[in-house]
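**Student:** Structure incoming, see below.
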Amino acid sequence: MPSNTYPHNVCARLILTQGDITTMQVDAIVNAANPSLMGGGGVDGAIHRKAGPQLKEACKKIRQEQYPDGLPTGEAVLTPGFQLPAKYVIHTVGPIWQGGNHNEDQLLAKAYRSSLQIAYQNQLKTIAFPSISTGAYGFPIQRAAPIALKTILHFLQNHPLPEKVYVVLYGPNAYQTYLQAYKTLCAQLNE
């Protein structure tokens with residue numbers, strides 16, 4: 001299919017929402033994981049707690065069979081959602097902010113792209129992202145928001161799935177930051 005088949009309504013397929021990603025009833029939620037995949041703080045810890053102990057077991061198996069040294073930054077893997085409302089969890093590792101001169105922007109975009117690619121390969125229609133790397137990893141949210149949204153929109157322009165991508169933001173400040181970036185990017189796409 002030509003790559004210009006999907007852009008006409010691409011912004012309608014990207015939905016920003018404020019809330020708790022662990023409650024999203026979607027095909028997959030994305031976990032902003034650490035390389036160990038064993039759970040941690042923030043979104044990662046919340047997803048592991050809500051999914052139950054089977055998630056840790058599934059992650060251990062991935063570590064043993066695929067990534068003995070840990071999941072590399074920008075890569076993504078799929079597990080079942082277990083006790084979450086979402087059928088699956090896509091685990092990706094975002095970059096740790098080191099001042100902006102260590103490929104952080106490219107690695108952040110890669111984390112979103114890798115997650116979307118897994119959703120596409122598995123025919124998932126709905127996916128929900130958190131704001132990757134903007135919590136404990138310290139990536140400035142004003143810089144992360146346009147990278148995240150641009151990467152998602154570009155993917156949607158070239159792929160029929162996922163049909164809907166949610167970005168679930170924790171708190172009004174994060175939501176407003178993403179909303180501003182969304183409005184700017186969608187205005188540019190519709191010119």
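**Student:** How large a share of the accessible area of region 31-125, in percent, is made up of carbon and sulfur atoms when the probe is 1.4 Å and the other protein chains stay in place?
**Tutor:** That fraction is 47 percent.
**Student:** Where the only charges are on Cβ atoms (+1 Lys, Arg; -1 Asp, Glu), what is the dipole of the chain about its Cα centre, to the nearest 20 debye? All intermediate terms of the calculation are to be shown ahead of the outcome.
**Tutor:** Working: 15 positive and 11 negative charges, 49 e Å.
Using only the charged Cβ atoms, the result is roughly 240 debye.
**Student:** Could you work out the helix-only [θ] at 222 nm for the chain, with each DSSP H run of four or more residues adding -39,500 (n - 2.57) and the total divided by the number of residues, to the nearest 500 deg cm²/dmol?
**Tutor:** Only helices count here, giving -13500 deg cm²/dmol.
**Student:** In degrees between 0 and 90, to the nearest 10, how far off the longest principal axis of the chain does helix 53-65 point, with axes built from Cα atoms?
**Tutor:** Rounded to the nearest ten degrees, it is 90.
**Student:** Send over the semi-axes of the chain's equivalent ellipsoid, whole angstrom and largest first, taken as the square roots of 5 times the C-alpha gyration tensor eigenvalues. Mind dumping the intermediate values first?
**Tutor:** Details: eigenvalues 124, 69, 51 Å².
They are 25, 19, 16 Å, listed from largest to smallest.
**Student:** May I pose another question? Considering only DSSP beta bridges with both partners in region 70-188, what is the antiparallel share in %, to the nearest 5?
**Tutor:** Here the share of antiparallel DSSP bridges comes out near 55 percent.
**Student:** Convex hull over the Cα atoms of region 85-165, averaged projected area in nm²?
**Tutor:** The directionally averaged projection comes out at 5.3 nm².
**Student:** On C-alpha positions alone, give me the angle between the axis of helix 42-51 and the longest principal axis of the chain, in degrees, nearest 10.
**Tutor:** Helix 42-51 sits at roughly 60 degrees to that axis.
**Student:** In percent, how large is the relative contact order of the chain, given Cα pairs closer than 8 Å and 6 or more residues apart?
**Tutor:** So the answer I get is 30 percent.
**Student:** For region 29-116, what number results from the quotient of the Cα radius of gyration and 2.2 N^0.38 Å?
**Tutor:** Working it through for region 29-116, the quotient is 1.05.
**Student:** What number results when the radius of gyration of region 125-191, computed over Cα atoms, is divided by 2.2 N^0.38 Å?
**Tutor:** That works out to 1.11 for region 125-191.
**Student:** To test your reading of the geometry: what angle, between 0 and 90 degrees and rounded to tens, separates the Cα axis of helix 172-189 from the longest principal axis of the chain?
**Tutor:** 50 degrees
**Student:** Using the Cα centre of region 65-119 as origin and beta-carbon charges of +1 (Lys, Arg) and -1 (Asp, Glu), tell me which of ALA86, GLY99, ALA111 is placed farthest towards the positive end of the dipole.
**Tutor:** It is ALA86, whose Cα lies furthest towards the positive end.
**Student:** Here's another thing I want to ask about it. Could you tell me the relative contact order of region 46-121? Use alpha-carbon pairs under 8 Å, at least six residues apart, and round to a whole percent.
**Tutor:** 29 percent
**Student:** Can you pull out the cysteines in the chain that have no other Cys Cβ under 4.7 Å?
**Tutor:** CYS59
**Student:** Name the lysines eligible as straight-distance cross-link partners of LYS150: C-alpha to C-alpha under 21 Å, and not fewer than 8 places from it in the same chain.
**Tutor:** Output for LYS150: LYS110, LYS125, LYS164, LYS183.
The values are calculated or read from the model by the stated rules, or taken from the named source; none is laboratory data. Because the structure is a prediction, the values reported are computed rather than measured. When we count neighbours, we look across all protein chains shown, and the Cβ atoms used for this are built from the backbone with ideal geometry, even at glycine. Ligands, DNA and RNA are stripped out before the accessible areas are found, and what is left, the full protein with its side chains, is counted by its heavy atoms. Shrake-Rupley method; radii C 1.70, N 1.55, O 1.52, S 1.80 Å.
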